[in-house]
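Readers should treat all values here as calculations from the given coordinates under stated rules, not as data from a laboratory. Fair warning: this is a prediction, and the values are worked out from it, not measured in the lab. Backbone-built Cβ (ideal geometry, glycine too); neighbour counts: all protein chains shown.
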Amino acid sequence: MLDYIIVGGGLAGLCFAEQVIASGQSVLIVDDGRLSTSSTAAGVYNPVILKRYSVLSQAMEQ
């Protein structure tokens, strides 16, 4: 039995699947394999060091 079925393997679907798997639950991703705008979401990862952007710790205070 699956805990989650995700329709669409785009950016949001894969991020959610990553969180589900990290929490120890099972997931099935259903995707048609066509490329879409999610495949070009270059702003999410830093191309030089491939780390995710994070909120600065004191950004909200400034």
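The amide H of residue 31, built 1.01 Å from its N in the peptide plane, has 8 as neighbours under 5 Å, considering only residues 5 or more places off or on other chains. Karplus-derived 3J(HN,Hα) values for the stretch 10-27, using 6.51 cos²θ - 1.76 cosθ + 1.60 with θ = phi - 60°, are x, 4, 5, x, 6, 5, 5, 4, 4, 5, 5, 5, 5, 8, x, 9, 9, 8 Hz; glycine and proline are entered as x. Listing 6, 21 from fewest to most neighbouring C-beta atoms within 10 Å gives 21, 6.
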